[in-house]
Amino acid sequence: MTESKTLYTAHVHVTGGREGAARSSDGRLDLKLSTPGTSGAGTNPEQLFAAGWSACFEGAMAIAAKAKGIDLPEALAIDARVELRHGAEGYALAARLDVHVPGLAPELARQIIEAAHRTCPYSKAVKGNIETVVALA
């Protein structure tokens, strides 16, 4: 087994759960939390996950594009949806990334998206664990 090197560790302190607050050890993240669908003033874990996965995925796309000698368009954007579901087995998540790559040939965009989905740490974390869709928009 190959040993891995830790590149970064995020430290976040959360109090109050979905109706609480989250603050990172460096103070860059400091926000209120609210339950989805309520009138609370904060964000929710599903929104945070959508933002984190999208940002990480775009970084993985940049690496995949660079390996092919391609510059990604500045207008690259990702629309993320993370659903909180409830069924017979309790609560679960489902997620979808719609990737907009204007100006890039669709087949080439799909190749980059597929490579990013194989290498993005968030994509690896959810693989086989939640229902996911990653698609060229």
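Laboratory data are not the source of any read-out in this text; all were calculated from the coordinates shown. Here the structure is a predicted model, which means the values were calculated and not measured. Glycine also receives a Cβ, built like all others from the backbone with ideal geometry; neighbour counts cover every protein chain displayed.
What to note about this one:
- Residue check for GLY90: more than 16 Å from the chain's Cα centre (by Cα) and within 25 Å of PRO36 (Cα to Cα): yes
- Each residue in region 40-82 was checked for being within 13 Å of ILE130 (Cβ to Cβ) and loosely packed, with under 14 Cβ neighbours inside 10 Å, and 1 pass.
- Positions within region 11-39 being over 24 Å from GLU83 (Cβ atoms) and loosely packed, with under 12 Cβ neighbours inside 10 Å, in sequence order: HIS11, HIS13, THR15, SER25, ASP26, GLY27, ARG28, ASP30
- Members of region 30-61 that are touching a strand residue (DSSP E or B) at 6+ places or on another chain (Cβ under 8 Å) and small (Gly, Ala, Ser): SER34, GLY40, ALA41, GLY42, ALA50, ALA51, SER54
- Answer residue from region 122-137, given it is under 12 Å from the mean Cα position of the chain (by Cα) and surrounded by 14 or more Cβ atoms within 10 Å (Cβ to Cβ) and is nearest to PRO73 (Cα to Cα) among those: VAL134
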